[in-house]
Structure formats: C-alpha cells, structure tokens
1. Looking only at region 272-290, which residues are more than 28 Å from residue 537 (Cα to Cα) and small (Gly, Ala, Ser)?
2. Which strands (runs of 3 or more DSSP E) does region 249-334 wholly contain that include 1 or more residues that are under 17 Å from the mean Cα position of the chain (by Cα) and assigned by TED's automatic domain parsing to the domain that holds residue 8?
3. So which residues in region 561-578 are surrounded by fewer than 18 Cβ atoms within 10 Å (Cβ to Cβ) and not charged (D, E, K, R), if there are any at all?
4. So which residues in region 1-35 are of a type in the set (Gly, Ala, Ser) and modelled with pLDDT of 95 or more?
5. Where the second residue is surrounded by fewer than 16 Cβ atoms within 10 Å (Cβ to Cβ) and at pLDDT 95 or above and the first is closer than 12 Å to residue 556 by Cα and lies in region 508-529, which pairs have Cβ atoms under 9 Å and are six or more apart or on separate chains?
6. Six or more apart or on different chains, Cβ under 8 Å: which pairs go from a residue in region 170-198 that's farther than 14 Å from residue 258 by Cα to one that's β-branched (Val, Ile, Thr)? Could you list them?
7. What tally of residues in region 507-527 results from selecting those that are more than 19 Å from residue 582 (Cα to Cα), surrounded by 18 or more Cβ atoms within 10 Å (Cβ to Cβ) and touching a helix residue (DSSP H, G or I) at 6+ places or on another chain (Cβ under 9 Å)?
8. Give me the pairs, please: first residue somewhere in region 315-328 and β-branched (Val, Ile, Thr), second residue anywhere and part of a loop (DSSP other than H, G, I, E, B), beta-carbon distance under 6 Å, and either six or more positions apart or on two chains.
Amino acid sequence: MRDPRYDILFEPVRIGPVTAKNRFYQVPHCNGGGYRDQSAAAEMRRVKSEGGWGVIFTEQVEIHHTSEITPFIELRIWDEDDMPGLARMADAIHSNGALAGIELAYSGANGPNLYTREVPLAPSHLPILTFTSDPVQARAMDKQDIRNLRHWHKLAYRRARRAGYDILCLYGAHGFGVIQHFLSPRTNQRTDEYGGSLENRARLLKELISDARDEVGDTCAIAVRLSLDEMAGPTGFTNAELRDLVAMHAELPDLWDFAHGTWEACSGTSRFKPEGAQEDLIRGIKQLTPKPVVGVGRFTSADMMVRQVKQGILDFVGAARPSIADPFLPKKIDENRIEDIRECIGCNICVTGDMTMSLSRCTQNSSFMEEWRKGWHPERMPAKKTDTRVLVIGAGPAGLSAAHRVGLRGYEVALAEAGTELGGRVARECRLPGLSAWGRVRDYRAGQIAKMTNVNVYRDSRLTAEDVLGFGFEHVAVATGATWRRDGIARYNLLPIAISPAMPVFSPDDIMDGKRPSGHVVVYDDDHYYMGSVLAELLVQAGCRVTFLTPAARAAEWSFNTLEQGLIQARLIESGIDVRTNRGLAAIAAGGVTAACSYTGRESEIACDAVVLVTARLPEDGLYLDLTARAAEWADHGLRSVKLVGDANAPAAIAWATYAGHRYAEELDAPDRGDALPFRREVATLKD
C-alpha cells in the first residue's frame, strides 16, 4: 500500500552493533512524567512503538544525584531503585520492534540540585544557568571530580544495558549537558588539558565514549547529541567548530544526533520557526562522517523527509513534537494514509508540561500521557454501548473533537454549526499573523469527519432549546465556545473598570471580525498568552501606532512556558511597539487610558485613539442554561444527558478544548464512578 516515493524512509539503518528497522527516530523529549509517573511515560512510548517508529528514546535520564535539573520531572538512573521503571519503558519500546534508546545526562551548569541539595559541578566556576535564575553557583571540577564523573557514567552505562536499552546517548545539546559545557568556550575557561583548544575541550567527550565502549562492548550503540550552534556568536560553540569536531572525530560515536543550540531555538513554535528550520545548519555534516546522522525540524511532511534523506542531509528523521501529535505517523506513511496524519501545529503546549512540572498535553493528540492513566488510545476508541444518537452543537475545536471521537465509537452523530465555517475560534485565529499552522486542528478533524458516514454536519444551524428537544437525540454536547470580555475583567481587575463610551474599545473578536481601529492604539494584555502580541503585530501591519500595556513583568508572560516569550517581546520591540510592562489598566477615558503601576498603584495617563482589551473570556452557555432549565421535559423527548464541553464550560487554550471533546466521547455512556478517581496514578512506596 505504501507509495514507492517513501520507500527510502523504511529502509533499515545500522547503528553500530544494532539495526533500526526504518529511518523514523523519536529523539528524546520531555513529557512531565519523570520518575513519578513512569507507567504513564512507558505506555506513551509503547504506543509509539505500535505506531511504527524505528528508534524511540526516553527523555533525559539523570545519571547521578550530584546533578539534577529539576526536582521531579526527569527520569533517573541513580541506583537500583530506578531500574524497574526504566526496564518497563525499554520493554514497552521493544514491544513492536523499535530500538530503545536512553539519553544519559549530567546537567553541570544547568543542575541547581534543588532536590538533592548537592553542590553543582561544572567545567568552570559558573552561576547555575536555569530558566528561573536559581541563586546558586556551580563549583569548577578538579581532576578528581572528572574521574568521578567518568565513573558515574560507567555505572549508568552498566545499568542502562541491564535495563534493556539498545542505544546509549550522551546528552550535550540545548545548553543542558556537561558535554556542551566542556565544548563551549563560554562555559569552559579551564587552562588544563580539558580547556583551551577544541581538541582539549572535546577530551571529556572522547573519554566518556571510550569508557562506554569498555563497559558495554558491542552490545549497545553509542550516540552523542550535540548542539548545531550554541547561538552565542563567535564566543560560543559555533556551527563551524561543531563541523571541525565531527571531522576530527568522525568515527567516535556510532551515531551523531544534532539539535539546535538552545531549547528555544531547537523547539521554536510555528509562529517563529518553519518546518525544517535547521536544514542550513546541518547540511554537509553527514559528509564529514561515515556514521549515521540524525536531525530534527518539526517534520510532518513525508516529502520533506525523503528530500533530506536523498540529498544526504540526514540518515534518520528525528522527531519529538510530531511524534507526540501523531504517534502513528510512520505507520500512516507506510500505509499511504497521509491525509490521516495529525500534523503537529508547533504550539508547544507539550513543552508547557515540562515548564510547569506537570504532565504534558498536546493540542492535536488528546490521548498524550493519558494512554496509561485513562486507557486512551490515539487511533482507537471503545465501541458504542447502545444505539443512542448524539447531537454536538458547535463546530469549534471541542465540538469537532467530540463529533469525531464519538463517531469513531460508532454512534450516529449530528454536528450543528451556527455559522457557515467549521473550526470556531481556530478558523478565526489561524488567519492571524504567524498562526496559520493552527488551522491543522480544524483541518484534521473536519477531514476525518468528512469520511465518516455516521457523522452528519449541518451548517447555518443556530439552535434553540426548543429545537434540541424536538430533535429527539438521546445525548447532547453543547460546545458553543466563548467570547472575549469587553469590561476589563481579567487577573488584574476582578471587577469591571470605568470605560467612557466616547473611546472606541475593541475586543479580539472585533479584530478577528475585520473591525479595525486606527491611529494610536493601546493594546492591553491581561491574558498573557499569544493573543495580545499577535493583535499588536497585526495593528502595526495595518499602519497603527501601538502601545502594548500589560500588568505582567514581561510581554506575553505565560508564553515563557512555550519557549517563545523572548521572541515575542523582541518582535514587539523590533516592530516599533512601545512595550510597557508592570502596568495595569485602571480606567478608559474619552481621550486615553489610565495605567497603574502593578506594584505601587501609582497612576499615569496615556493618550490614545482606541483601545483593544485582551482580557478574560465569557462562556457562551445560554443554550445549555436554557436546556437545563427544562430538565423536567427531557425524558418526554428521549433526552438522557446534556453536557457542556470546552470553552463553553470553561475558556482555556485550544488544547483544553480538544481534550474536553475527546473526553466527552470517551466517557459517553460510561457508568458513574462515584467518588473514584477518573484516572490511574502511582504513589511512591514507603520505605523503612
């Protein structure tokens, strides 16, 4: 069934003593599970094995208690207590013929050791380089520390092999690993044989790989993951130096795995990074080594994958986020089901799990990290239990997700949309600057629904409670979305503010409806995610002068968790936007706004011609309230349940809406669980 154009992606590739069955290589990625939710992480990887990946890796696994980057959300291989969970994950990966890889990490200058309280160790005396600027420094390693580091790696190699892993990867990318800290002149200011020249700075890497071969022989492949460019200018570990390193040590590892220099650059959102964004940095490196090369680039296009392999850029197609959005991506290409691929939209909601130390989620794949906890599967749904019919009202992300997943269960579904266009907020937001990829949320679900004979879509169908009761459906999901508030209420102002009717005031809905302010516009952002900055960009493009006002310390503050806050604020500044942080909105008058310092309350006036309020949202729950008010009539009309779903229930990010729709489908006709938890969890075993 496979299109012959893609045959090259399914060729087996040798990695030292082991062979991958194809070129699909799931690079290490975070998931928020860490050592607390190991069964959840293991089952997530097993599903990827089922989906056809040739190589599947863990996230970073900390090798020793003297270096931990976060207290909870990484795996560990510190002692024997860590072995059962790691072995379970290796078995899960092997379940469908994938090679199991483990990424071994010593965080060095990135390990504040908040859990272990050990003194951090790094090549030189350095402050700990964490996202949160922890007030601790690392001590420069002496020769005994380096000998200890090599010994700790040897222990990790032995344990990883016993746990069943086929590929041992040394982590030195994204600025997170001690290997990169030794390689970079910025973090290695040593004057001994481990500092100075590139050959000296690479000494530790050579020793660690040599030690690995001594420990595991030809039973495991040895890989190294390095940054393509530290993105720090000539003082850092540059792309030119990386190429020199590969040329000098062409046959050192069994595989070279390359990523961008920082996590923000490597995992950039689609707003700032296109697919295959790292091609220029990696092109030509494969010609420097006979060993296979892995690269990443949020690959979702099989044609781009083939091109990069045929042009000698990559041997393996590395993927993290695309493997989350669709664990069955390889199998769908193999089965010539390209249209069924859930393409990653590059929103980085998956990353936010790691940044907030919580289980990750995915906008496109609501089953991500729920495979074990709730028994959800990205491709399969439980069969329907009855012949009841379901009405889904609203074709936004929640409604589309609900209709699609309920349809997969075999129920007869009617999807009623008040307008002419499917997608709800997604259809509107994907037209904003930089957000076009978000339309994939709509396109995938609408495309799948179009192929289903048991799901019927009705446009121009704004319904009343009387309509719903008259249709005779047994189950109704109300997914009517939400609208942006116009009264100033959000986090800073919990009560409405004074707004003069003489000042033109716009909401994001107004802007997306095509209404445009002119002149000097104040964009007030108390939402702190993407919307305020996107609208500010749009208005500048339309010729407005924009002042961006926010009570937060940074523009689009929550987007720190999606790795794009710095990029957003830089773009605002470069666009000529006047960014004013730590300023709440106190009032809107006829000729301008009154801003108040977030800390002192001291007020100042900003003259302007119009205001855009990006604050909170109100659920559109009127139809639901009308239906519940007539609950006494339900039985007479055969109606068993009415459920409020998605933004109509509680406005949130798009990933919350698709999750809500999926959950509705999974739990339809499920028995009442009473006080039982709706998910499984693991609780630490008490020791004497």
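The values are calculated or read from the model by the stated rules, or taken from the named source; none is laboratory data. What you are looking at is a predicted structure, and each value in this text was computed from that prediction instead of being measured. Please note: Cβ atoms are built from the backbone with ideal geometry, for glycine as well, and neighbour counts cover all protein chains shown.
1. Matches in region 272-290: 284 only.
2. Working: elements: 255-259, 293-295, 316-319.
So the answer is 255-259, 316-319.
3. Matches in region 561-578: 566, 570, 573, 575, 576.
4. Quick first cut of region 1-35, residues of a type in the set (Gly, Ala, Ser) only: 16, 20, 32-34.
If the condition is that a residue be of a type in the set (Gly, Ala, Ser) and modelled with pLDDT of 95 or more, then 16, 20 are the ones that fit.
5. The qualifying pairs are 526/491; 527/491; 528/491.
6. 181/187; 185/235; 186/235; 194/146
7. Qualifying residue count for the region: 4.
8. Here the result reads 317/23; 317/299; 324/362; 324/368, each pair linking region 315-328 to a residue that is part of a loop (DSSP other than H, G, I, E, B).
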